[in-house]
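To start, the structure under review is shown below, and the notes come after it.
The values are calculated or read from the model by the stated rules, or taken from the named source; none is laboratory data. Values in this document were obtained by computation on a predicted structure and should not be read as measured data. Please note: Cβ atoms are built from the backbone with ideal geometry, for glycine as well, and neighbour counts cover all protein chains shown.
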């Protein structure tokens, strides 16, 4: 569920608290609970929200988004791997339209050919990409080296399709047999960020639009997510929470496989997306996905994954979810289709003290029941 696991040192920041905003009559007891557990997390800033039947049950904002500003309802957070649920939504929309067959060889939809050199006769399918069974590897040292954090920050300057061509095409500059698993495609679960980025290349090639523009037209705008983007260049960077790691706030960064983790949005905007998924693909009368598509995507396979979605077990059951983990980022989106609810957890610090994280999620879920 993580974009890339990275061990961070203990955070040593004393933060000012932004007054929590309560969605209804959840009461100061909830505010105090959230504040106490936020302090246990030892992260600079946090936004949490619970929504049910498209109505906010509770929202709270705590701590600092950077050296000078407190977290508020308009603060944009990097989502890390929660972004993958948006990439999957784009693909599933094209599946519904008959443009993509989920069980088809991906080479039918790509401008270059991809084959595991160990299994050249075995096709990699769209479904394998969605379920992390494609056998495409991230090659971690190479992967980390492409973060713009090490070259001045900001968005990665290159083209997505060109980068993936160079990584996966046999004659590509970054090609290696180590970019692929030793397992036959479809036979083994192995989490892959580059596999998800490849889904976005498929969307671009099938629609003739940039992935950003496709998402803007078909996901962000219909959901009212007008201050959401894959790229810093399209946002007011002053509104984006700065990542905190290695003991201080750092600059914003990007990477070439941006569709696997680089969405930046607010808790309120993400609530619209979560509501859509928890309501069978419908949000405020606008249908983004068919209910059958949503049900299929949220059906757990023997490996414990649906179509991109993982599952979180808690006191209320076994719920579809996705987490995010990157440098100075820890996030979580959990949906409950049984009561049309979703809960959102966003921070600009790393994962730490899992008991406190889980207590926050559970409290948010309790508020929706």
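Details
- For region 38-97, the tally of residues that are touching a helix residue (DSSP H, G or I) at 6+ places or on another chain (Cβ under 7 Å) and modelled with pLDDT under 95 stands at 2.
- Per this entry, residue 92 is not counted among residues that are farther than 26 Å from residue 333 by Cα and touching a residue at least 60 places away in the same chain (Cβ under 8 Å).
Conditions tested, residue by residue: (1) crowded, with 19+ Cβ neighbours inside 10 Å; (2) part of a helix (DSSP H, G or I); (3) at pLDDT 95 or above.
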| residue | (1), (2), (3) |
| --- | --- |
| 242 | yes, no, yes |
| 256 | yes, no, yes |
| 262 | yes, no, yes |
| 272 | yes, yes, yes |
| 275 | yes, yes, yes |
| 292 | no, yes, yes |
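Yes/no matrix, rows are residues, columns are (1) touching a residue at least 40 places away in the same chain (Cβ under 8 Å); (2) closer than 25 Å to residue 337 by Cβ:
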residue: 197; (1), (2): yes, no
residue: 200; (1), (2): yes, no
residue: 208; (1), (2): no, no
residue: 227; (1), (2): yes, no
residue: 234; (1), (2): no, no
residue: 241; (1), (2): yes, no
residue: 286; (1), (2): yes, yes
residue: 292; (1), (2): no, yes
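- When residues of region 179-219 are limited to those that are assigned to a loop (DSSP other than H, G, I, E, B) and touching a helix residue (DSSP H, G or I) at 6+ places or on another chain (Cβ under 7 Å), the one nearest to residue 162 (Cα to Cα): 210
- Long-range neighbours under 6 Å by Cβ, at least six apart or interchain, first residue free of Cβ contacts under 8 Å to residues at least 40 places away in the same chain within region 43-57, second assigned to a strand (DSSP E or B) and crowded, with 21+ Cβ neighbours inside 10 Å: none
- Test: residue in region 345-354 that is under 23 Å from residue 224 (Cα atoms) and more than 15 Å from the chain's Cα centre (by Cα): no
- Inspection of region 328-346 finds a residue satisfying the criterion of being in a loop (DSSP other than H, G, I, E, B), buried (at least 24 other Cβ atoms within 10 Å of the Cβ) and at positive phi.
- Residues of region 124-141 that turn out to be assigned to a loop (DSSP other than H, G, I, E, B) and surrounded by fewer than 18 Cβ atoms within 10 Å (Cβ to Cβ), as a count: 1
- Test for residue 327: is it in contact with a strand residue (DSSP E or B) (Cβ under 8 Å, 6 or more places away or on another chain), free of Cβ contacts under 8 Å to residues at least 60 places away in the same chain and over 21 Å from residue 33 (Cα atoms): no
Residues are listed down the side, and each one gets a yes or a no for (1) in contact (Cβ under 8 Å) with a residue 60 or more places away in the chain; (2) more than 30 Å from residue 146 (Cβ to Cβ):
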position: 265; (1), (2): yes, no
position: 276; (1), (2): no, yes
position: 304; (1), (2): no, no
position: 308; (1), (2): yes, no
